[in-house]
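**Student:** My questions will all concern the structure given below.
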Amino acid sequence: MGSAFRSIAALIEVDFPYRKPYSEVLRQPSAHQPEDSRVVFHETVHYWQQLAQGFMALMAEEDWQRLQRFEKTKVLDPPGPYRVEFVRQHDSGFSAYDLQESLARYWDVHVIGPATLLEMDFVDPKRDIDEFFKQQYFAFKKKGMIVHPQHGGYSDLAFKMAMEASAGNYAKPYGYVRDRFNPIVTDVVFPLAGHFALQTRKPIDVFLKAVTAVAPHFEGTAPRGSSIHDLWKAAYGLVRNTTLSVARELDIGDLVFTAAVIHRGPLQEHPIYAWILGELEQCRLLLGDTSFAADFTRSFGELSNDVRGVLTLDFVLACPGDTTNRSFLIDWLAPPCVRFPDSQTWLLTELYRRELVPEIDDAERVRSQERMQLAHQCMDVYERWQEFRRAKNGY
């Protein structure tokens, strides 16, 4: 079985052999054992999506209720409306599942680098990439068109090729935007609109209308000297408000945060999601009183620290490829359990906590024990889900 993020249990499973955990796996995935680091980073992005995008939380809630009903009554409920909507192929040719994967690939490319990813993909037997595509890439590389000639980073061509090389429909949401709009819309609006669309009950309907509605605000080119990181921050409010307006026009309702889904529903009784809610609340409080939050939300007008914390945390989760955002997420919201084929695990929450707080006092010792217990709960919930699936599928 391949690597995957198991949303029902907030569990990451990887398909490569166990080795000792290393800090660079999320901090510098391109610099240390990138073939394995890229897998953990990609699945961690899915975990971070799960913490912010209400649609994903609603789907987990739906599956949790199915599991609980089965354990109490042996009734095998079919997939609910959110899971059905997740895989529904829209007239555009892609689904909410494809959008989620396309966003994750987008952040993979930003963080790990298109050349690194492409050259690993070329030799990966699990990936089937056209030989002509490979020949084009190496021809472009020989001409100096993969690495940017001025700043030494990757070129726009390299990024485009890395997105195109992703499997099947996963590239389609990104390609849809790139084929119709200018590079600023593609680079800045795509990840934000995709994030907000996955906070609604009809992600693709909202995504398509939101991108089209917001695109006229991004005509021309970016101001000279502006970085993509600054552009994400500057565009957040406009894209969020536009997406919210589209959702209301479609009679879908407001944007939904994962924390709200957990707080008011059955996931309160889920051992991992109850813990996640506490972690999100802690992060909201940490961020709300910072100068970073004050600067980021200045354009929103007067806000309480609570609201500043909510919006800033949402931005951090929306753009995990931003260096500052990723550093915060690694320190405070690392995934609780990475499981290997032999059932050994990584507790990245513990690994990064020890970097922040090397000294272990009684309070830290208790928290370490809680993290170990949480990892066991992740695996336990997933095994229970597997029992449900075996009963439903007959094998």
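Bear in mind that the values in this text are calculations on the coordinates, not laboratory data. Since the structure is predicted, the reported quantities are computational estimates derived from the model, not experimental observations. For neighbour counting, all protein chains shown are included, and Cβ atoms are generated from backbone atoms with ideal geometry for every residue, glycine included.
**Student:** Using the scaling law 2.2 N^0.38 Å as the reference, what is the normalised Cα Rg of the stretch 95-245? Walk me through the intermediate numbers first.
**Tutor:** Working: Rg = 15.8 Å, N = 151, 2.2 N^0.38 = 14.8 Å.
Here the answer is 1.07, to two decimals.
**Student:** What is the mean projected area of the alpha carbon convex hull for the chain, to one decimal in square nanometres?
**Tutor:** On the way: hull surface 84.0 nm².
It is 21.0 nm².
**Student:** For the stretch 328-393, give the magnitude of the charge dipole about the Cα centre (Cβ charges: +1 Lys/Arg, -1 Asp/Glu; no others), in debye to the nearest 20. Don't skip to the end; give the middle numbers.
**Tutor:** Numbers: 10 positive and 12 negative charges, 104 e Å.
About 500 debye.
**Student:** What cysteines in the chain have no other cysteine with a beta carbon less than 4.7 Å from their beta carbon?
**Tutor:** Cys283, Cys319
**Student:** Exceeding 32 Å between C-alpha atoms, which entries from my cross-link table qualify? They are Lys20/Lys172; Lys172/Lys233; Lys20/Lys142.
**Tutor:** On the way: Lys20/Lys172 37 Å; Lys172/Lys233 25 Å; Lys20/Lys142 37 Å.
Long pairs (Cα-Cα over 32 Å): Lys20/Lys172; Lys20/Lys142.
**Student:** If you don't mind, another one. Calculate the all-directions average of the projected area of the stretch 1-150's alpha-carbon convex hull, and give it in nm². Could the numbers behind the result be given before it?
**Tutor:** Numbers: hull surface 49.8 nm².
Taking a quarter of the hull surface, the average projection is 12.4 nm².
**Student:** Can you list residues whose amide H is under 5 Å from Arg6's amide H, if they're 5+ apart or on another chain and H is modeled 1.01 Å from N?
**Tutor:** Leu11, Ile12, Glu13
**Student:** Continuing with the same structure: Could you bin all the Cα-Cα distances of the stretch 298-349 into 5 Å bins starting at 0 and give me the percent of pairs in each, rounded to whole numbers?
**Tutor:** Over the stretch 298-349, the share of Cα pairs per 5 Å bin runs 4, 18, 18, 17, 16, 11, 7, 5, 3, 2, 0 percent.
**Student:** Can I ask one more? Can you give the helix-only mean residue ellipticity at 222 nm for the chain, where every DSSP H stretch with n ≥ 4 adds -39500 (n - 2.57) and the sum goes over all residues, rounded to the nearest 500 deg cm²/dmol?
**Tutor:** On the way: 19 runs with 245 residues, N = 395.
It lands at -19500 deg cm²/dmol.
**Student:** Could you give the C-alpha radius of gyration of the stretch 312-395 expressed as a fraction of 2.2 N^0.38 Å, taking N as the number of residues it contains? Write out the running numbers ahead of the final one.
**Tutor:** Working: Rg = 16.4 Å, N = 84, 2.2 N^0.38 = 11.8 Å.
Normalised by 2.2 N^0.38 Å, the Cα Rg of the stretch 312-395 equals 1.38.
**Student:** Separation of the stretch 208-273 and the stretch 3-29 by C-alpha centroid, Å?
**Tutor:** The stretch 208-273 and the stretch 3-29 have Cα centres spaced 27 Å from each other.
**Student:** Longest segment of the chain with no GluC sites (Glu not before Pro) in a DSSP loop having at most 16 other Cβ atoms within 10 Å? Don't skip to the end; give the middle numbers.
**Tutor:** Details: sites that count: Glu219, Glu302, Glu359.
The reported range is 1-218.
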